[in-house]
1. Residue 6: within 30 Å of residue 132 (Cβ to Cβ) and not assigned by TED's automatic domain parsing to the domain that holds residue 82, yes or no?
2. Test residue 224 against the stated conditions and say whether it is touching an Asp or Glu at 6+ places or on another chain (Cβ under 7 Å) and either basic (Lys, Arg) or not in a loop (DSSP other than H, G, I, E, B) (or both).
3. Before we move on, is residue 383 within 22 Å of the chain's Cα centre (by Cα), within 19 Å of residue 144 (Cα to Cα) and either surrounded by fewer than 18 Cβ atoms within 10 Å (Cβ to Cβ) or without any contact (Cβ under 8 Å) to a residue 24 or more places away in the chain (or both)?
4. Any idea how many residues of the range 342-353 are without any contact (Cβ under 8 Å) to a residue 40 or more places away in the chain and within 22 Å of residue 282 (Cβ to Cβ)?
5. Among the residues of the range 350-379 satisfying the criterion of being within 29 Å of the chain's Cα centre (by Cα) and of a type in the set (S, T, N, Q), which is farthest from residue 306 (Cα to Cα)?
6. Looking at (1) surrounded by 13 or more Cβ atoms within 10 Å (Cβ to Cβ); (2) under 30 Å from residue 167 (Cβ atoms); (3) not basic (Lys, Arg), which is the only condition residue 1 fails?
7. Which residues, counting only those in the range 126-175, are in contact with a helix residue (DSSP H, G or I) (Cβ under 7 Å, 6 or more places away or on another chain), part of a helix (DSSP H, G or I) and of a type in the set (A, V, I, L, M)?
8. Looking at 335, 344, 340, which one is more than 20 Å from residue 202 (Cβ to Cβ) and among the small types (Gly, Ala, Ser)?
Amino acid sequence: MIDRNIKLPKEESFFLFGPRQTGKSTLIDETLKENFWKVNLLFTDIFSKYSKYPELFRKEAIHKIEREGISTIFIDEIQKIPNLLNEVQVLMDERKIQFILTGSSARKLRRGSANLLGGRALERFLFPFIYNEIKGSFELEDILRFGSLPSVYGKADNQKIDLLQAYVNIYLKEEIQAEGIVRNLGGFSRFLDIAASQFSELVNFSNIGRECQLATKTVQSYYEILEDTLIGVRLEPWRKSLRKRLSGHPKFYFFDMGITNAINLHLTNIPDNFLRGRLFEQFIVLETDRLLKYLRSEARLFYWRTNTGAEVDLLIEKGGTLSAAFEIKAKKQISGADFSGLKSFKEDNPDTDCFLVCEVSEPFQERGIHILPWRNYLERLPEFFQYKS
């Protein structure tokens, strides 16, 4: 069993959200030992029963609490029957027991005006394996190609390819439509292909709309769907003005490198240097975002870019102040050109320490820039979330 970095509440009720196949049910099953009742809404008979008669769930729960002494109720895939949350709230108020509510998306709950329990339940998020969880067996090239979904990690290459292709074809395209999230499956499929091919690049909604023959607002809504279903991470450009920040072009990264490669049909080939560089950037950004959420840090992530094209891949901001800036390079040897973005950044932000994360073997400093091996960066991440220059 692989220990996960996430810290779950021991007594408080909570939602646990995460993309499909990240191990939510397995994690909860391993956590619960006794005096619990599990309700899996993926089972057709259970789904049918409670979707027709949600009040029946409350009656059965009361019976189990009074007669069997259960103290925790675990509902898996809660977004499938949002009305159950009304019954959950009544039970939480009257019986004071713990509820664990898992789901692959909060979108259906939030957008459907579901009862989110009014602060009675905390929120936690689970992601594919991070480096700290699997560093004993971690192989960078394997992760850049196949990602780290628990259902995929550790399998043979041919199994990984089959599983990732099925994830994209069945879940991302068909199940999202089946959930009623999108109606134009053909347009959404074209959008996915374009979005995956342009990962780590600036997102221009109008240009993407023209390429996949969709309205700009539809493209924007599709990106929101990917974020709401935790399929992707958006980075906004750093601007001191919030208004200017929101008007800039974001960057977008799918939640797993294997999923990106599956959509782009790159699974069967070893990535070339250009693609590998973008996947390495995605890897660092995702690791940073995942650990930030696991630590429940108040820090936020941005990228930086000037009108002339100078760019820094990742900024960490906390309390309105930039903590550190990071350029990401999939290189074992660094040249002068690799410092250009950070050099421009330091001219405008001299008090912010700058780092170049790459594949060198040992850390060193050059031109006022800290050069970090990627492993050192990942091990120091908690420090950066608290970092003050």
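The values are calculated or read from the model by the stated rules, or taken from the named source; none is laboratory data. Since this is a predicted model, take the numbers as computed values, not measurements. So basically every Cβ, Gly included, is an ideal-geometry build from the backbone, and we count neighbours across all protein chains shown.
1. Details: within 30 Å of residue 132 (Cβ to Cβ): yes; not assigned by TED's automatic domain parsing to the domain that holds residue 82: yes.
Yes: the conditions hold for residue 6.
2. Numbers: touching an Asp or Glu at 6+ places or on another chain (Cβ under 7 Å): no; either basic (Lys, Arg) or not in a loop (DSSP other than H, G, I, E, B) (or both): yes.
Considered against the rule, which asks whether it is touching an Asp or Glu at 6+ places or on another chain (Cβ under 7 Å) and either basic (Lys, Arg) or not in a loop (DSSP other than H, G, I, E, B) (or both), residue 224 comes out as no.
3. Details: within 22 Å of the chain's Cα centre (by Cα): yes; within 19 Å of residue 144 (Cα to Cα): no; either surrounded by fewer than 18 Cβ atoms within 10 Å (Cβ to Cβ) or without any contact (Cβ under 8 Å) to a residue 24 or more places away in the chain (or both): yes.
So residue 383 does not fit the description; no.
4. Keep residues of the range 342-353 that are without any contact (Cβ under 8 Å) to a residue 40 or more places away in the chain, which gives 342-344, 346-353.
In the following step, the residues that additionally are within 22 Å of residue 282 (Cβ to Cβ) were identified as 342.
Here the count works out to 1.
5. 361
6. The failed condition is (1).
7. Scanning the range 126-175 gives 143, 144, 164, 168, 172.
8. 335
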